[in-house]
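Okay, structure first, notes after.
The values are calculated or read from the model by the stated rules, or taken from the named source; none is laboratory data. All figures in this text were calculated on a predicted structure; none of them were measured in a lab. Counting neighbours? That spans all protein chains shown, and the Cβs are built from the backbone with ideal geometry, glycine included. SASA here: full protein model, heavy atoms, side chains in, ligands and nucleic acids out. Shrake-Rupley method; radii C 1.70, N 1.55, O 1.52, S 1.80 Å.
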Amino acid sequence: MGTVLDSVGKLIAAYLSKEVPGYEPFTPSDPEHLRGVIEPGDVLLVEGNNRISGIIKYLTQSTWSHAALYVGPVEGAEEPDGEPHVLIEANIGEGVTSAPLSKYFPYHTRVCRPVGLSYEDRTTVCRYAINRIGFGYDTKNIVDLMRFLFPLPIPQRWRRRMIALGSGDPTKIICSALIAQAFDAVRYPILPKITKAGSRAARREILHIRDSSLYMPRDFDISPYFEVVKPTIVHGFDYTALHWADKQKPLEEVAGSFGVFPETLSAPPLVPEAVDQEAPDEISAGQVSPPPAVGESLPAHVPLLKKLAMYRPRRRGRARERAA
C-alpha cells in the first residue's frame, strides 16, 4: 500500500509542478542588477508559473508563490556551464535543493533583506539551510497534494488552514517554513509579536501559525523586520537615460534649448517723447484762474454734492415703525 501511495503522490506532484504555458512577467528582474545587489541571508520571492503556484497565490492572496534563501556559492554544487548554486529552496516533489540564481531571471522577483542581522547570525542562517539539502518530500502523504487539485472558492479565514492540512513536515516544506526555521535558529522575527487580537478565533489562528511554523512567501514581504531591496534603484536611477521604443526625443530645432528657469523678458527701450512746438514753454500766473474768495457763490453742483455726502440710508426697522 505504501508503494502505491508513493507512486500516486509522485504523479500528483509532477502534475502540480508542471509549468503553465503563456506566462510572461510584466517586470522581469534585471540579471546584472540582481546579481550585484543580492547578499547572503536575503530572501528571494518568486512569482511562479506552475499549477501549484497559481493555487498558492489564490490561497494566500499574494503575488508571491515561492521563496528561496540566498546563501552564496554552495561548495560542490554548480551547473554544467560552471555557474555556482547560490540558492536553497524547497520544492514539491523534490524536497530541499540548491539552485543557481539564473533560474529565476525570467520571473518577477523581489529581494527581502533582514535588517540589522549580524555577520555571525547571517552565517548561521545560511549554514542551517545548506545542512538541510537532501531533505525529501514525503509523497506518500497524498493529502498534502490532492487538496491543491480542487481550487474551490474558500472563505478567507480558512485559506491559510487549507495549506496546513495533512501531515506536518511536508506542509512546512511547501510553505516556506524551511527559511522561517533558519531565521528562528538565531531568534530573528518574521511576523510581529501580537499581544492582542480582535477575537478568540484570531488568537487561535496566530498560535496555530507559530506552533506549526506555517509561513508563506508573502510573510517576508509584509514583515516589518525585512527590507524590500529593488536592484534597479540601489546604485542610482536616471530616468532621462531611458529609451522609449514608442516615443522619440523631439528634434533640436523643434524642442529648442531651454534651461531650468525661464529667461526674463527684457523691456523695450524707452523712446524720448517729441517736444510739442506749439505749446508754450511756460504758463503765466495770470492765465491760471484763482480759487473763489470767501463769500462768493460756489458753482451750483457743489452744495448738491455736500447733501449727498451727508445722506445716510435709513434702517428698515425705523421706516416700518414710522409707517405704522
Among 112-124, 179-191, how do they line up from the highest to the lowest mean number of other beta-carbon atoms within 10 Å?
179-191, 112-124
For segment 1-107, which whole percent of the accessible surface, found with a 1.4 angstrom probe, sits on carbon and sulfur atoms?
55 percent
Work out the FRET efficiency for Lys18 and Val228 from their Cβ-Cβ distance, taking R0 = 41 Å, and round it to the nearest 0.05.
0.85
Can you give the local net charge around Pro100? Use residues other than it whose beta-carbon is closer than 12 angstrom to its beta-carbon, Lys and Arg +1, Asp and Glu -1.
-3
Averaged per residue, what accessible surface does segment 38-129 expose to a 1.4 Å probe, in Å²?
39 Å²
With each pseudo-label sitting 7 Å past Cα toward Cβ, what's the Leu242-Glu83 distance in nm, one decimal?
2.7 nm
Per-residue HN-Hα couplings for segment 75-92 [Karplus 6.51, -1.76, 1.60; θ = phi - 60°; Hz; x = Gly/Pro]
5, x, 10, 7, 7, x, 7, x, 5, x, 7, 10, 10, 10, 9, 10, 10, 5
